[in-house]
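**Q** Okay, handing you the structure first.
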Amino acid sequence: MKKRKVKHYSGIGGQAVLEGVMMRNKDMYAVAVRKPDGDIAVEIDEYHGIAYGSKLLNIPFIRGIFVFIDSLILGLKSLNYSSSFYEEEKEKPSKLDEGLDQVSGGHEDTFLMVVTTLLSFVFAIALFMVLPYALSEVLAKFVRNASLIAIIEGVLRIVIFILYILLISRMKDIKRLFQYHGAEHKCINCIEKGRPLTVGNVRKSSRLHKRCGSSFILFVMLVSIVLFFFIRVDSYVLRVVVRIALIPVISGISYEIIRLAGRTDFFLVSLISAPGLWLQKLTTKEPDDSMIEVAIKSVEAVFDWKQYLKDSFGYEIDDSWLNDDEPSSDDDEDTDDLEPKLEDNAASSDEE
């Protein structure tokens with residue numbers, strides 16, 4: 001008889017940072033970082049978002065725009081915190097440093113972060129929006145079907161993105177970042193499957209998750225194919241402007257898709273989510289136990305997983321459940337050997 005698989009929506013999410021993991025639960029977030037000396041530093045803070053309290057956050061397709069912007073802001077803030085543990089010892093300020101300090105009014109780090117963000121945004125638009133369009137215009141000289149060119153542009157965008165991921169994944173630091181990304185997903189999958197949050201249970205959980213930012217980016221590209229297929233203008237310049245101007249709209253639509261995917265296992269939704277999960281095989285890697293420990297610290301700082309298991313699965317955790325004596329496995333697929341124990345405990349709780 002096939003074992004029953006149980007999964008619930010926890011509402012938590014996060015991202016990988018330099019040698020660590022950021023986890024967010026509603027307005028609270030925590031960044032756990034493995035410091036150079038081996039200890040784990042954890043920072044807990046609140047982030048309310050740029051539209052906090054606004055009714056716009058209740059409007060489908062509009063709220064996704066603000067969620068996307070908030071993710072960028074909080075992500076950069078978390079990365080900045082994690083990188084602070086790995087900054088090289090500062091030498092005597094150069095003339096450039098002194099100039100930046102004057103321009104920024106004494107807030108050089110914030111100023112550099114803003115400039116870096118803007119440059120990264122411009123680079124992303126040029127690489128993933130403008131370049132595919134420019135290449136498709138070259139092909140338009142040989143392919144006269146406008147609809148086919150619109151599809152080719154979208155395919156080129158996806159291909160360029162995948163090649164970019166493959167290229168940067170060869171870098172040592174990025175590979176470790178992808179391992180922490182895997183640790184983040186495995187922690188969320190662990191508790192949403194109803195398992196106690198231990199290194200052994202997390203290790204056995206899948207590193208793929210439907211609510212991942214990688215899936216969101218892929219949805220953005222797929223949605224852009226559909227919109228650009230129907231929205232057309234004659235001017236070359238206007239075509240570029242339209243593609244940039246529609247980014248918020250595309251983000252809003254993509255957010256609703258990934259939000260739905262994270263809350264249901266309906267067959268059609270799972271089918272739509274499949275390409276994003278395939279992409280995560282590139283953007284996540286299997287973490288080691290020390291990385292999992294960091295991710296667990298981040299989760300526990302903002303999320304009471306024991307209470308969650310009690311409320312969602314109907315059983316309480318005792319110390320006997322927290323032993324980590326399972327052997328390490330290279331298989332990253334979910335296993336269900338814990339489920340009989342969980343279900344038996346839940347059943348006994350109901351009888352009481």
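**Q** Which pairs have Cβ atoms under 9 Å, sit 6 or more apart or on different chains, and link a residue in segment 43-55 that is in contact (Cβ under 8 Å) with a residue 12 or more places away in the chain to one that is surrounded by 14 or more Cβ atoms within 10 Å (Cβ to Cβ) and among the hydroxyl-bearing types (Ser, Thr, Tyr)?
**A** Glu43/Tyr29; Glu43/Ser78; Glu43/Tyr81; Ile44/Tyr29; Asp45/Tyr29; Glu46/Tyr29; Tyr47/Tyr29
**Q** Would you check which residues across segment 23-57 are assigned to a loop (DSSP other than H, G, I, E, B), of a type outside the set (D, E, K, R) and farther than 21 Å from Gly252 by Cα and list them? Walk me through it before giving the result.
**A** If we filter segment 23-57 for residues that are assigned to a loop (DSSP other than H, G, I, E, B), which is where we start, we get 26-27, 35-39, 47-54.
Then drop every residue that is not of a type outside the set (D, E, K, R), which leaves 36, 38, 47-54.
Result: Pro36, Gly38.
**Q** Please go through segment 240-256 and pick out each residue that is charged (D, E, K, R) and either crowded, with 19+ Cβ neighbours inside 10 Å or touching a Leu at 6+ places or on another chain (Cβ under 6 Å) (or both). Can you show your working first?
**A** Looking only at segment 240-256, we keep the residues that are charged (D, E, K, R), and these are 243, 256.
Correct list: Arg243 only.
**Q** Hey, can you tell me all the residues within segment 279-300 that are surrounded by fewer than 24 Cβ atoms within 10 Å (Cβ to Cβ), among the polar types (S, T, N, Q) and out of contact with any helix residue (DSSP H, G or I) (no Cβ under 7 Å at 6 or more places or on another chain)?
**A** Ser290
**Q** It is to be established whether one or more residues within segment 95-117 are surrounded by 11 or more Cβ atoms within 10 Å (Cβ to Cβ), of a type in the set (Asp, Glu) and at pLDDT 90 or above.
**A** no
**Q** If Phe303 passes every condition in (1) modelled with pLDDT of 65 or more; (2) farther than 26 Å from Glu43 by Cβ; (3) open to solvent by less than 30 Å² (accessible area, probe 1.4 Å) but one, which one does it miss?
**A** So the condition that Phe303 fails would be (2).
**Q** Among what's in segment 59-72 and is in contact (Cβ under 8 Å) with a residue 24 or more places away in the chain and over 16 Å from Ile12 (Cβ atoms), pick the residue that is most open to solvent (accessible area, probe 1.4 Å).
**A** At the first step, the residues of segment 59-72 found to be in contact (Cβ under 8 Å) with a residue 24 or more places away in the chain are 60-65, 67-68, 71-72.
Checking which are over 16 Å from Ile12 (Cβ atoms) leaves us with 60-65, 68, 72.
Details: Pro60: 65, Phe61: 107, Ile62: 65, Arg63: 35, Gly64: 1, Ile65: 45, Phe68: 63, Leu72: 83 Å².
Per the stated criteria, the residue is Phe61.
**Q** Does segment 74-81 contain at least one residue that is modelled with pLDDT of 90 or more, under 30 Å from Ile151 (Cα atoms) and either basic (Lys, Arg) or loosely packed, with under 13 Cβ neighbours inside 10 Å (or both)?
**A** No, the conditions are met nowhere in segment 74-81.
**Q** If you don't mind, there's one more thing I want to ask. For Val233, state whether it is assigned to a helix (DSSP H, G or I), surrounded by fewer than 21 Cβ atoms within 10 Å (Cβ to Cβ) and either of a type in the set (Ser, Thr, Tyr) or without any contact (Cβ under 8 Å) to a residue 24 or more places away in the chain (or both).
**A** Details: assigned to a helix (DSSP H, G or I): no; surrounded by fewer than 21 Cβ atoms within 10 Å (Cβ to Cβ): yes; either of a type in the set (Ser, Thr, Tyr) or without any contact (Cβ under 8 Å) to a residue 24 or more places away in the chain (or both): yes.
Against the criterion (assigned to a helix (DSSP H, G or I), surrounded by fewer than 21 Cβ atoms within 10 Å (Cβ to Cβ) and either of a type in the set (Ser, Thr, Tyr) or without any contact (Cβ under 8 Å) to a residue 24 or more places away in the chain (or both)), Val233 does not qualify.
**Q** Looking at segment 131-150 only, could you name the residues that are surrounded by 15 or more Cβ atoms within 10 Å (Cβ to Cβ) and in contact (Cβ under 8 Å) with a residue 40 or more places away in the chain?
**A** Correct list: Tyr133, Ala150.
**Q** Report whether or not Val220 is among the β-branched types (Val, Ile, Thr), over 18 Å from the mean Cα position of the chain (by Cα) and not in a loop (DSSP other than H, G, I, E, B). Lay out the reasoning, then the answer.
**A** Values: among the β-branched types (Val, Ile, Thr): yes; over 18 Å from the mean Cα position of the chain (by Cα): no; not in a loop (DSSP other than H, G, I, E, B): yes.
No: the conditions fail for Val220.
**Q** Now, a different point. If you take the residues in segment 1-58 that are surrounded by fewer than 19 Cβ atoms within 10 Å (Cβ to Cβ), within 19 Å of Gln307 (Cβ to Cβ) and modelled with pLDDT of 95 or more, which one is nearest to the chain's Cα centre (by Cα)?
**A** Filtering segment 1-58 for residues that are surrounded by fewer than 19 Cβ atoms within 10 Å (Cβ to Cβ), within 19 Å of Gln307 (Cβ to Cβ) and modelled with pLDDT of 95 or more, the one nearest to the chain's Cα centre (by Cα) comes out as Asn25.
**Q** Working only within segment 265-278, note down all residues that are surrounded by fewer than 17 Cβ atoms within 10 Å (Cβ to Cβ) and either at pLDDT 95 or above or not aliphatic (A, V, I, L, M) (or both).
**A** Asp265, Phe266, Phe267, Ser270, Pro275, Trp278
**Q** Sticking with this structure for a sec: Filter segment 192-211 down to residues that are among the small types (Gly, Ala, Ser) and either open to solvent by 10 Å² or more (accessible area, probe 1.4 Å) or more than 20 Å from Ser290 (Cβ to Cβ) (or both), then give me how many there are. Break it down into steps so the answer makes sense when it comes.
**A** Keep residues of segment 192-211 that are among the small types (Gly, Ala, Ser), which gives 194, 200, 205-206.
If we keep only those that are either open to solvent by 10 Å² or more (accessible area, probe 1.4 Å) or more than 20 Å from Ser290 (Cβ to Cβ) (or both) as well, we get 194, 206.
Of the residues in that region, 2 qualify.
**Q** Applying the selection to segment 212-230, what residues are in contact with a Pro (Cβ under 8 Å, 6 or more places away or on another chain) and open to solvent by 50 Å² or more (accessible area, probe 1.4 Å)?
**A** Correct list: Leu222 only.
**Q** Same structure again: Going residue by residue through segment 165-183, is there one that turns out to be β-branched (Val, Ile, Thr), buried (at least 20 other Cβ atoms within 10 Å of the Cβ) and not in a loop (DSSP other than H, G, I, E, B)?
**A** If we filter segment 165-183 for residues that are β-branched (Val, Ile, Thr), which is where we start, we get 165, 168, 174.
So of that shortlist, the ones also buried (at least 20 other Cβ atoms within 10 Å of the Cβ) come out as none.
No, the conditions are met nowhere in segment 165-183.
The values are calculated or read from the model by the stated rules, or taken from the named source; none is laboratory data. Values in this document were obtained by computation on a predicted structure and should not be read as measured data. Glycine gets a Cβ as well: all are built from the backbone with ideal geometry, and neighbour counts include every protein chain shown. Note: accessible area is taken over every heavy atom of the protein model, side chains too, but ligands, DNA and RNA are not part of it. Shrake-Rupley method; radii C 1.70, N 1.55, O 1.52, S 1.80 Å.
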